[in-house]
1. Using a 1.4 Å probe on the protein heavy atoms only, what accessible surface does LYS387 show? Give it in Å² to the nearest 10.
2. What relative contact order, as a whole-number percentage, does region 451-526 give when Cα pairs under 8 Å and 6 or more residues apart are counted?
3. Rank-order 489-498, 223-232, 56-65 by packing density, defined as the average count of other C-beta atoms within 10 Å over each peptide's residues, highest first.
4. Rounded, prolate or oblate: pick one for region 168-227, where a ≥ b ≥ c are the square roots of the eigenvalues of its C-alpha gyration tensor, a/c under 1.5 means rounded, and failing that, prolate if a/b is larger than b/c, else oblate.
5. Given a Förster distance of 45 angstrom, what is the FRET efficiency for THR159 paired with ALA241, based on the Cβ-Cβ distance and rounded to 0.05?
6. Given a Förster distance of 30 angstrom, what is the FRET efficiency for LEU88 paired with THR288, based on the Cβ-Cβ distance and rounded to 0.05?
7. In whole Å, how far is the Cα centre of region 195-255 from that of region 318-353?
8. Compute the FRET efficiency between ASN509 and SER321 as 1/(1 + (r/R0)^6), taking r as their Cβ-Cβ distance and R0 = 56 Å, and round to the nearest 0.05.
Amino acid sequence: MNPMKTTLTFETQTPLIAARTARRACRVMRCAQSMWRVARVCLLVALIGSSASAQTHTQSFTLQPGWNAVYVEVEPPDNSSDSLFAGLPVASVWTPAERASSVDFIQDPSEAVFNEAGWLGWYHPSRPEAFLGNLFALHANRAYLIRVTNSSPVNWVITGRPSLRHQDWVPDAYSLRGLPVDPDAPPTFANFFRPSPAHYDAVTGQLENIYRLGASGQWELAAPSDSIRSGEAYWIQTRGASDFLAPLKVAVDLGDGLDYGLELTELSVRVANTTGGSMNVMVRDLGTGASPLSHYTFDPSLGGQWPTLPAPLALSAGPLSKLRLRLAIRRQDISTATFGSILSIRDGAGTRFLVPVNAEKFTGAPAGTLPALQGRPRPHAPIDDAKALAGLWIGSATLNAVSEAHSSDPTAVTPVKSEMNLRLIVHVDDGGQARLLKEVIQMWRDGTFTSNVDGDQVVDKPGEYVLLTDDSLLPRFEGAGLRDGEPVGRRTSTIGYDFPADAGNNFLNLSGFFAIGQSLTGALEIPHDHPTNPFKHKYHPDHDNLNERFDGPAVEAFTPTRQVRLEFAASPPEGPDVPDFGYNEMGGAYREIITGIHKNPIHVGGTFRLSRVSLIAELNPSPTP
């Protein structure tokens, strides 16, 4: 049966509806010429904002009088239908509601049938049937039929966040779809669908039927050589099931973009060449200025490296090949609490994807709380570096050089044959005060509740994790994990440093600044009666701190002192390169001067690296939030 010989009539407010499945008679609705206008949809791409923090993209549609078939590629912050069409001469908007089933012809030419399960519709609030509308919001990568009542074209601009989520094809049926094409180099239908067996028969060279709203005001069969228009929707027939998206396929491991949030550093974009030929893929950060994104490369001499993402990054994809692009965010190069941008990924042959990118930078929080966990808005404001580096840092110092006490220069350090590692635990609070810890315990503090105006119990302050160095506080908190079904705390400790055992002095305040190019210093004094004093000996009368009659105390053991110094470098001192050095990774030179062991001070040198493992900026908080 010739699909172009099947004609249906509609009232002026009735949009075009889809065809039956392709396994049944392949019929496409043809509307009366007096009721339809051709929809010439022009897509205008522009980034919003003047900084690299913009994560929005703009589409501009020229809506012609009558019906328009458009493909929306973004989702605005306020995506309600009422807001998006407010003040526009739009009578109604329709989109298929199908997920895996087709939409048949509508035989009754009245809009009442649109209230059935196959369609979602929106009516202008002034129309009496507006209460029947069930299209409450518009979403990215979805096709819509829009009826304009104006006698002249109307410009409709929509700004929002792009998405990598796309609708599935309806098997053996027609689907109303738009395509992720490059507006600057649109491909033909034949070239675009050639890699897909569900849309193109490689043996016969036959393209499955595709209908577009033509200049005659009717849905017309598109020619394989016709160019695809960005932002335009089509009725596309699919033979069997298909997951085809484009000749170039772009996906992420989770979600619909690169969402680094507050803690993730690295995410991957997976690129696939579905064609039988080689492909040059171009990846570009559309934000202004230098991109805070790094991409992973491997150098045989240097190992893994994280250079800045160039503009553009060129990738070579062989026939039917898959690539994994590892991208990391450098929060140390972000000057505001929130960052957003868009990656443009093109194949140079007509396919383009827009990938949203967003990240948050820690700005510090009182009482160990995280604003993002409590639902409070994060300010788009300059970062306080002291607060941005707050939290718990754990790592190690590698001691690889020591002075020779009897040499001509007793302060010079020389390399040793065997290195020694010390675990480092450093906590930085919101004010920038750094403390060297011997141990720290993660516990849980219960939240509090209150009653709302209706008398219902609601959360006043949510529960949260806390960090303790004072063991006497442990009974006043809950465990942070389970062991044999019992809540317990998570303890991290080091044997490299000793402190007095009293609760009021269980950490060492360090002088200086925890920042790149700065240093921290502190002195550890081991009292003569401390259990780990190296001179104290329980069974030696000259080192037991008792008098000669053994009936009273006496100071017999020396008091060793360790002068510790951490010098922060701008790049990793040793080991693998990391993209977020200066934000979640810190390191540099380790120095220590030990007195009281030898008549001459002993100098020790090496390097250190620290990783931030917690954003909690307070130690030993109150048990009550």
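The values are calculated or read from the model by the stated rules, or taken from the named source; none is laboratory data. Fair warning: this is a prediction, and the values are worked out from it, not measured in the lab. Ideal geometry is used to build each Cβ from the backbone, glycine not excepted, and the neighbour counts take in all protein chains shown. In case anyone asks, the SASA skips ligands and DNA or RNA and just uses the protein heavy atoms, side chains included. Shrake-Rupley method; radii C 1.70, N 1.55, O 1.52, S 1.80 Å.
1. 80
2. Values: 53 pairs, mean separation 13.5, N = 76.
Taking the mean separation of contacting Cα pairs over the length of region 451-526, I get 18 percent.
3. The most tightly packed comes first, giving 56-65, 223-232, 489-498.
4. On the way: a/c = 1.39, a/b = 1.18, b/c = 1.18.
Since a/c stays below 1.5, the shape of region 168-227 is classed as rounded.
5. Values: r = 35 Å, r/R0 = 0.77.
For R0 = 45 Å, the calculated efficiency reads 0.85.
6. Working: r = 31 Å, r/R0 = 1.04.
My answer for the efficiency is 0.45.
7. 26
8. Result of the calculation: an efficiency of 0.50.
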